[in-house]
1. In this structure, does Glu35 turn out to be charged (D, E, K, R) and surrounded by 12 or more Cβ atoms within 10 Å (Cβ to Cβ)?
2. Scan Ser52, Ser60, Ser73, Ser39 and give me the residue that is in contact with a His (Cβ under 8 Å, 6 or more places away or on another chain) and part of a helix (DSSP H, G or I).
3. Out of the residues in segment 45-89 that are among the acidic types (Asp, Glu) and under 25 Å from Ala18 (Cα atoms), state the one that is modelled with the highest pLDDT.
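The values are calculated or read from the model by the stated rules, or taken from the named source; none is laboratory data. Just so we're clear, the structure is a prediction, and the values are computed from it rather than from any experiment. Counting neighbours? That spans all protein chains shown, and the Cβs are built from the backbone with ideal geometry, glycine included.
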Amino acid sequence: MTAQQLSSDHRAVDRALAKLFAIREQLYDPDLPLEDDASNELIEREHRAIQSVALAKAKSVDALMEKFGLLSSELARAPVSRPVRLLAASICSDVQDLMNV
């Protein structure tokens, strides 16, 4: 996975959240009277938007995990000192533990 793909995953979360917030603004606006059909449609759109946010976040977490894995493997091959390798391995392990909670 490239840095370009990782950053585009991050933007996917932002886009999904923006869509969710736009739907919620319409749905919960007290000054905007909604018919039942329109209200039901917005509720369905809100549900799909919540699912999109969850999917985008899951992809971002996967991308983060892959990025740390790549960092660890690259540092293992690079001519860096042992303490730097141990620090990188420790950080990767900590991130993995946090993501698995």
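1. Taking the combined requirement at face value, the residue does not satisfy it.
2. Ser60
3. Checked segment 45-89; the qualifying residue modelled with the highest pLDDT is Glu46.
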